[in-house]
Amino acid sequence: MRAAQEGHVEVVAALLGTGGDVNKRNHERMNALMLASQRGHDGIVSMLIKQGADIDCQTVQGSTALMLACKRQHEAVVRVLLTAGAEMFVKDSRGRTARDTALKRNHKPIIAMLQASRQVRLMQTEARVHRAYLLVKLYELNCAKRAFPMPDLVSSLALKEQQHQQRRAREEEQQQRRREQQQREKEGGGMEEG
């Protein structure tokens, strides 16, 4: 965890390579992803996510990696976390979300990123980049005569695209439900005050 906090990419990679627990927590219930996010180490954050780090786990105070990055105004880390699907609407022990934290700091670029539509665009862009990378690698393998037969490749890519679209639809549906719930909570809170 200390290596992630201090930004030692090679040490983190070595520890992960030897089977280090990516989700181990300290006494404040912070994992390596949270510590790296808090310090602005976007490369390490990306590496930890690829190794299966729990993006939305919470500290003793209820903070997530996204909230910690917003608090310290680390735009690159916020972008990496949102692209990986970090939950924006989780509340800490004081009832604040990552957006509330960014608003308190008045960091406009992060505030702009913390919108469901923007997160969806970030995730779609990342998926396109990843698909392009895979296609290049598959082409290289095919040129080396070590690839799958072409029909298998096409059906595999079509299945991946279908799964991606289904996941995106589920995420958009969840975000819509959250917005509706928040609206109901606001409307319910307004009635009690009156």
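The values are calculated or read from the model by the stated rules, or taken from the named source; none is laboratory data. From a predicted model like this one, the values you see are computed outputs, not experimental measurements. Backbone-built Cβ (ideal geometry, glycine too); neighbour counts: all protein chains shown. In case anyone asks, the SASA skips ligands and DNA or RNA and just uses the protein heavy atoms, side chains included. Shrake-Rupley method; radii C 1.70, N 1.55, O 1.52, S 1.80 Å.
Just a few scattered comments:
- Positions within the stretch 90-105 being part of a loop (DSSP other than H, G, I, E, B) and either of a type in the set (D, E, K, R) or surrounded by fewer than 16 Cβ atoms within 10 Å (Cβ to Cβ) (or both), in sequence order: Lys91, Asp92, Ser93, Arg94, Gly95, Arg96
Condition check ((1) at pLDDT 80 or above; (2) among the small types (Gly, Ala, Ser); (3) in contact with a strand residue (DSSP E or B) (Cβ under 8 Å, 6 or more places away or on another chain); (4) open to solvent by 90 Å² or more (accessible area, probe 1.4 Å)) across all residues:
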| residue | (1), (2), (3), (4) |
| --- | --- |
| Met123 | yes, no, no, no |
| Asn142 | no, no, no, no |
| Arg146 | no, no, no, yes |
| Asp152 | no, no, no, no |
| Leu157 | no, no, no, no |
| Gln163 | yes, no, no, no |
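- Any chance Met1 is open to solvent by 30 Å² or more (accessible area, probe 1.4 Å) and closer than 14 Å to Val80 by Cα: no
- Residue within the stretch 22-30 that is crowded, with 18+ Cβ neighbours inside 10 Å, modelled with pLDDT under 90 and more than 24 Å from Arg178 (Cα to Cα) present: yes
- In this structure, Asp21 does not satisfy being of a type in the set (D, E, K, R) and under 25 Å from Met123 (Cβ atoms).
- Of all the listed residues (Ile55, Ile44), the sole one being open to solvent by less than 60 Å² (accessible area, probe 1.4 Å), assigned to a loop (DSSP other than H, G, I, E, B) and touching a residue at least 12 places away in the same chain (Cβ under 8 Å) is Ile55.
- Condition met for Leu82 (in a helix (DSSP H, G or I), over 23 Å from Ala112 (Cα atoms) and either out of contact with any helix residue (DSSP H, G or I) (no Cβ under 9 Å at 6 or more places or on another chain) or modelled with pLDDT under 95 (or both)): no
- Options Gly194, Gly188; residue that is exposed (fewer than 10 other Cβ atoms within 10 Å of the Cβ), at pLDDT below 85 and farther than 20 Å from Lys91 by Cα: Gly194
- Unmet criterion (only one of (1) aliphatic (A, V, I, L, M); (2) open to solvent by 60 Å² or more (accessible area, probe 1.4 Å); (3) farther than 18 Å from Glu28 by Cβ) for Val60: (3)
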